[in-house]
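Single-structure report; data block below.
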Amino acid sequence: MSIIQNYNHARELYAGHGVDTELALERLDKVPVSINCWQLDDLSGFEDPERGLSGGIAAFGSAPGKPKSRAEYMANLEKALSLVPGRNKLALHAIYPDEGREGRGRDRLEPGDFAGWVDFAKSHGIGLDFNPTYFSHPMADSGFTLASADPAVRGYWIEHGKRCRRIGQYFGRELGIPCVTNHWIPDGYKDVTADKLAPRLRLAEAYDEIFAEPISPGENIDSVESKLFGLGSESFVIGSHEFYMLYAALRKNCIVCMDTGHFHPTEVVSSKLSAFLALGQEVMLHVSRPVRWDSDHVPILDDECRSLMYEIAAQDAFDSVHIGLDYFDASINRVAATVLGARSVKQALLCALLEPVDELKAAEAEGDFTRRLITLERSKLLPFGAVWEYYCETHNMPGYDWLREIEYAV
Ligand code: RNT
Ligand code: ZN
């Protein structure tokens with residue numbers, strides 16, 4: 001049977017269960033997913049690719065094919081983008097400036113250092129998101145950046161943060177799509193901490209300075225990303241979830257970013273999202289797949305990814321939740337990994353959009369928890385794959401056999 005025939009059959013089956021596949025596909029097509037540029041090169045960047053990672057993050061694995069030049073990197077990026085259907089954004093890090101702009105200090109970056117990316121985004125019809133790089137740098141060697149007690153170190157990174165916001169604003173202005181500039185810092189202590197207040201006071205002050213310049217949210221939105229613990233900050237992380245949640249709610253100058261790998265393994269971001277929605281707070285997401293800890297595995301179509309997307313789709317919260325990706329696994333082909341993560345999140349989104357949400361909410365309201373559970377289980381049996389394949393087909397992309405499009409060595 002052809003893709004269309006399969007789809008028509010699936011559409012009828014879904015319709016029989018009260019679900020309109022056409023509407024689901026229409027909605028899916030409008031939701032941008034922000035693809036992280038750093039899976040493609042293990043977060044090496046262009047600033048000084050030989051430097052290696054530090055500051056609580058590491059990419060494990062030795063799959064062949066890591067790009068040896070900017071040209072190779074760009075070709076891989078083109079390939080990856082060509083295999084992700086629907087609306088996308090590209091999330092850059094500050095260590096990926098244009099050619100010839102690599103030598104500047106991070107406290108001297110300017111919008112013009114990323115003009116090439118604006119051209120790239122324009123030619124692909126996509127938006128850009130941005131990330132200051134507060135790690136993998138001699139000024140971050142102490143393990144502290146914005147919360148550092150050393151005014152020279154803190155000042156350096158405050159300047160970096162300010163400049164990154166202006167770069168985000170430039171992206172938003174040029175592309176007509178707001179940029180989310182996401183701030184994550186590695187600051188924390190490896191061991192038992194005597195003064196947990198002072199570094200947090202310094203961090204709050206540092207962000208107050210960074211966010212002081214008013215920038216229209218139509219151009220740039222800042223998000224702050226927490227973490228539970230990291231390599232080298234096992235005992236105490238300055239930028240914790242509570243810290244940022246309160247900071248964002250009280251100061252109203254930024255939003256919270258939740259990375260799905262940054263919580264205790266029994267905590268799930270899908271259960272947290274509605275708290276933000278109930279209180280009118282926008283959220284940025286870093287969708288990752290934590291395996292036992294913040295392992296930054298590539299997202300797959302697993303239960304939590306589906307639950308997370310359900311929370312957005314069931315509340316029609318696409319204007320309040322920005323979906324971004326964050327993973328870096330060097331043990332599998334990097335282009336395929338980028339595509340897999342992005343496709344998986346979009347598939348999870350499609351699954352969510354194909355749920356009979358009204359029926360589920362009605363069963364819950366009536367206290368019919370039996371029907372609620374069985375209706376949810378029924379969804380798993382419906383031919384979602386046929387709908388996905390048709391969606392890919394409408395974007396001239398393979399639904400199932402996309403790996404064939406990628407050349408790679410083992
Ligand atoms: C680190 C944070 C952060 C980074 C990226 C590369 O724990 O998740 O988002 O992964 O900025
Ligand atoms: Zn993250």
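Here, each number is a calculation from the coordinates, and none is a lab measurement. Here the structure is a predicted model, which means the values were calculated and not measured. All Cβ positions, glycine included, derive from the backbone under ideal geometry; neighbour counts span all protein chains shown.
Figures for the structure shown
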{"read-out": "Extension gain from K30 to D316, taking 0.36 nm per residue of separation minus the Cα-Cα distance", "value": "101.7 nm"}
{"read-out": "Coil-residue GluC sites (Glu not before Pro) of segment 373-410, DSSP, other Cβ within 10 Å capped at 10", "value": "E407"}
{"read-out": "Highest-MSF residue in the chain out of C254, C392, C164 [GNM, Cα springs under 10 Å]", "value": "C392"}
{"read-out": "Placed amide H near C179: partners under 5 Å, 5+ positions off or other chain", "value": "G172, N220, I221"}
{"read-out": "Computed lengthening from R104 to H9, 0.36 nm per intervening residue step minus Cα-Cα distance", "value": "28.5 nm"}
{"read-out": "222 nm mean residue ellipticity, helices alone, for the chain (DSSP H n ≥ 4; -39,500 (n - 2.57); rounded to 500)", "value": "-12500 deg cm²/dmol"}
{"read-out": "Top of L350, L231, L250 by mean-square fluctuation, Gaussian network on the chain, Cα under 10 Å", "value": "L250"}
{"read-out": "Euclidean distance between Cα centres, segment 303-342 to segment 204-266, Å", "value": "20 Å"}
{"read-out": "P(r) tail fraction, the chain - alpha-carbon pairs more than 27 Å apart, %", "value": "51 percent"}
{"read-out": "The chain - share of DSSP beta bridges that are antiparallel (%, nearest 5)", "value": "10 percent"}
{"read-out": "Loop trypsin sites (Lys or Arg not before Pro), segment 248-298, which have at most 14 other Cβ atoms in a 10 Å radius of their Cβ (DSSP)", "value": "K252, R292"}
{"read-out": "Entries in K30/K79; K79/K122; K272/K380; K227/K346; K89/K380 that, when Cα-Cα distance is taken, lie over 27 Å", "value": "K89/K380"}
{"read-out": "Two-site label geometry, L250 and D208: point separation in nm, points 7 Å out along Cα→Cβ", "value": "1.0 nm"}
{"read-out": "Sequence-separation-based contact order of segment 89-162, relative, with Cα cut under 8 Å and 6+ spacing, percent", "value": "36 percent"}
{"read-out": "Amide proton proximity set for C257, modelled H, under 5 Å, gap of 5+", "value": "V224, E225, S226, M284"}
